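Please treat every number below as a calculation from the coordinates, not as lab data. Keep in mind the model is a prediction, meaning the values are calculated, not measured. Positions of Cβ are backbone-derived with ideal geometry, glycine not excepted, and every protein chain shown enters the neighbour counts.
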Amino acid sequence: MKPTELRNGIYWVGAIDWAVRDFHGTRRHAAPTYNNYLMLDDEPTLVDTVKYDFADITIKNIKNLIEPSKIKHVVITHIENDHATGIGKIMPLMPDATVYMTERARKGLERFFDMSGWKVKTVKTGETLKIGARHFFFWRRPCSTGLTPW
């Protein structure tokens, strides 16, 4: 699937898993999507990195819009497999990007990835990230391992 512009400068760059019908314990009639988004602004920002098996699709979708090395920020909303395990394939393509996540998410990802070469910014509720005309306001939902950007 190709990237889909949702709003001016905001693109879905995720993937569809046509093989799965039981997703998060729910029987589905349609294939689930692994959602992540690319925001093209003064400082291009990727939100989430999809499931590892589908990272190449996301990378292709990103390359259809921008050279990945131009991405300045990666925001991890939470670390479930379908949102974050593609990070190991994606980060080498954007070595100057800063990764934004909670402390709990950082500790979780460190168990699976060598993050020593990444620029990581641990964020807390109330912090913001301005990427141009848009900005993220980070807040933690109860029982969440990550962030909800708005």
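Structure data summary
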| read-out | value |
| --- | --- |
| Given Lys63/Lys124; Lys60/Lys124; Lys2/Lys70; Lys63/Lys89; Lys70/Lys107, the pairs whose alpha carbons are separated by over 22 Å | Lys63/Lys124; Lys60/Lys124; Lys70/Lys107 |
| Ordering of 63-70, 33-40 by burial proxy (mean other Cβ atoms within 10 Å per residue, highest first) | 33-40, 63-70 |
| For segment 126-135, Karplus couplings with θ = phi - 60° (6.51, -1.76, 1.60), whole Hz, Gly/Pro x | x, 6, 10, 9, 9, 10, x, 5, 9, 8 |
| Amide hydrogen neighbours beyond the local backbone of Val74, cut-off 5 Å, H modeled | Leu46, Thr98, Val99, Tyr100 |
| Ranked by how many other beta carbons lie within 10 Å on average, peptides 71-80, 121-130 from highest | 71-80, 121-130 |
